[in-house]
Amino acid sequence: MLTREENELLCRVEGEAPMGQLMRRHWTPVCLIEEVSEPDGTPVKARVFGEDLVVFRDSDGRVGVMDEYCPHRRASLVYGRNEEGGLRCLYHGWKMDVEGNVLEMVSEPAASGMAEKVKHKAYPVQEWGGMVWAYMGPQDAVPEFEPPRWAPTAEARVSIAKAILPCNWAQILEGAIDSAHSSSLHSSDMVPARVDSAKATANTWLRPSTDKAPRMQVQRGDYGFRYAAIRRPIKDAATHDYVRSTVFVAPATALIPPNNLYNVANINVPCDDTSTAFYFIAWGHPSQTPETETWRKFLRQTVGVDLDEYYRPLRNQDNRFWQDRQAMKAGNFTGITGFPNQDVAMWVTMGPIADRTHDRLGASDLAIVEFRKQMLEAVRAFQNGEAAIGSGEKAIPHEVCAFQAIVPKTTDWRSFEIRPVWADGLERSEMEPSYSVKA
């Protein structure tokens, strides 16, 4: 349980809010590359940390991320002409390039020299892992872009489902790192089975345990933390444990335990205090990681079917998230198809910003408690002049990843040999070594 002041400090990201300023010290996804794939194509509106942005790809294929509003009279550039190396405002014809340089001011006399005196706000950009990233922190200290742990190499396939959700980033992140809920909320999609580890099929994920009350253990790091949810396996329960280890990568990423074919991750980008761009990711070797459309269909997160053209879910509170009560009577636990949609129903019904002053947390909420404690400590340290959690030398080590396995009870998960899931017998490039993570 948090105080109201702590909840505000944890959740608020707009303007000068400390958490938003901390997050700005990290490279941040702004949109999917597929949204701006065409040179001179339609500009895209994005909103990050309460700031309205326009994203576009110019004639030479360069991507720009700029203040949405023209520096002249603040008309929206989302409606502008994307042509000949820049974005031209419809109102008076001012034209800016991807770096915010004003190329033309057709409404001003050429001799005025005014164009050289105006610079539009534009952010440094990187394209990687299917996303357009921007650095929205201080522009005099832009850090080098480092690939995220869920897209470590260019050879990895990365498939992403995106949804814009009407709630705060922190309650989504807490859902992503909460292993205990999966045994109930997702029980019709993550099905217990007599298998030797988690398995992926075309329709479900199989899990080698029926245990709904995992024992939780946490290991903190400078980057965030990793934890183990330890359950009784269906087979060999007297001698073995089933371990699912999730990694929280501050400020807003979760590396989720994989299945036998591919790795899973989630990153949550605050649009503002009460809405979030939720990205759910499958990644791994192209031979066994689902392609983007297959992944979205599996999750029931397809644009035009489950989402509108702006990635907003068609399932909502007004239509009860398309819940099928007859399916529930027939045995489906939630009556909601697509396990992210089951999560979304829980997150959204908590309200735009969850009121944590009324929480009653138990032993299974250890990761939630650690997240709140660590991020509140981190934001206060940031306010006192320390570097943002997870940035610079505090970044997540390359050897840390999520995993799941059935292990002997004598095995300490903290030192268990781990590595990302990859195709058996195929080289992993820089992911090839396996690691023993020290406690």
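The values are calculated or read from the model by the stated rules, or taken from the named source; none is laboratory data. This structure is a prediction, so every number in the text was calculated from the model and none was measured. Note: ideal-geometry Cβ built from the backbone for every residue, glycine included; neighbour counts use all protein chains shown. Protein only, heavy atoms only, side chains kept; ligands, DNA and RNA dropped before computing areas. Shrake-Rupley method; radii C 1.70, N 1.55, O 1.52, S 1.80 Å.
Is there any pair with a first residue in the range 31-48 that is within 18 Å of E68 (Cβ to Cβ) and among the acidic types (D, E) and a second that is assigned to a strand (DSSP E or B) and modelled with pLDDT of 95 or more whose Cβ atoms are under 7 Å apart and which are 6 or more apart or on different chains, and what are they?
E35/V44
Are any of the residues in the range 95-114 farther than 22 Å from F49 by Cβ, open to solvent by less than 10 Å² (accessible area, probe 1.4 Å) and out of contact with any Pro (no Cβ under 7 Å at 6 or more places or on another chain)?
yes
Are any of the residues in the range 213-225 over 24 Å from I267 (Cβ atoms), in a strand (DSSP E or B) and open to solvent by 50 Å² or more (accessible area, probe 1.4 Å)?
Scanning the range 213-225 turns up at least one residue that is over 24 Å from I267 (Cβ atoms), in a strand (DSSP E or B) and open to solvent by 50 Å² or more (accessible area, probe 1.4 Å).
Among the residues of the range 84-121, what is the count of those that are more than 18 Å from R47 (Cα to Cα) and in contact with an Asp or Glu (Cβ under 6 Å, 6 or more places away or on another chain)?
Result for the range 84-121: 5.
Considering only the range 342-349, I want to know if a residue exists there that is of a type in the set (F, W, Y), at pLDDT 95 or above and crowded, with 18+ Cβ neighbours inside 10 Å.
yes
Do we have any residue at all in the range 352-374 that's assigned to a loop (DSSP other than H, G, I, E, B), among the aliphatic types (A, V, I, L, M), at pLDDT 95 or above and touching a Cys at 6+ places or on another chain (Cβ under 9 Å)?
yes
Restricting attention to the range 160-173, does a residue exist that is in a loop (DSSP other than H, G, I, E, B), open to solvent by less than 20 Å² (accessible area, probe 1.4 Å) and farther than 30 Å from E38 by Cα?
For the range 160-173, residues in a loop (DSSP other than H, G, I, E, B), open to solvent by less than 20 Å² (accessible area, probe 1.4 Å) and farther than 30 Å from E38 by Cα: present.
Check the range 1-22 and report whether any residue there is polar (S, T, N, Q), exposed (fewer than 15 other Cβ atoms within 10 Å of the Cβ) and within 30 Å of D355 (Cβ to Cβ).
Within the range 1-22, one or more residues are polar (S, T, N, Q), exposed (fewer than 15 other Cβ atoms within 10 Å of the Cβ) and within 30 Å of D355 (Cβ to Cβ).
Checking the conditions here, which among P124, P71 is open to solvent by 10 Å² or more (accessible area, probe 1.4 Å), under 27 Å from V142 (Cβ atoms) and either of a type in the set (S, T, Y) or over 23 Å from the mean Cα position of the chain (by Cα) (or both)?
P71
Each row is one residue, and each column tells you yes or no for (1) open to solvent by 30 Å² or more (accessible area, probe 1.4 Å); (2) closer than 30 Å to A395 by Cβ; (3) among the aromatic types (F, W, Y); (4) not in a loop (DSSP other than H, G, I, E, B).
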| position | (1), (2), (3), (4) |
| --- | --- |
| E144 | yes, yes, no, no |
| E155 | yes, yes, no, no |
| S184 | yes, no, no, yes |
| S197 | no, yes, no, no |
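Condition (residue is under 24 Å from I160 (Cβ atoms), outside any loop (DSSP other than H, G, I, E, B), modelled with pLDDT of 95 or more and open to solvent by less than 50 Å² (accessible area, probe 1.4 Å)) applied to the range 380-392: is it met by at least one residue?
No: zero hits.
How many residues are open to solvent by 20 Å² or more (accessible area, probe 1.4 Å) and not acidic (D, E) if we restrict to the range 228-248?
8
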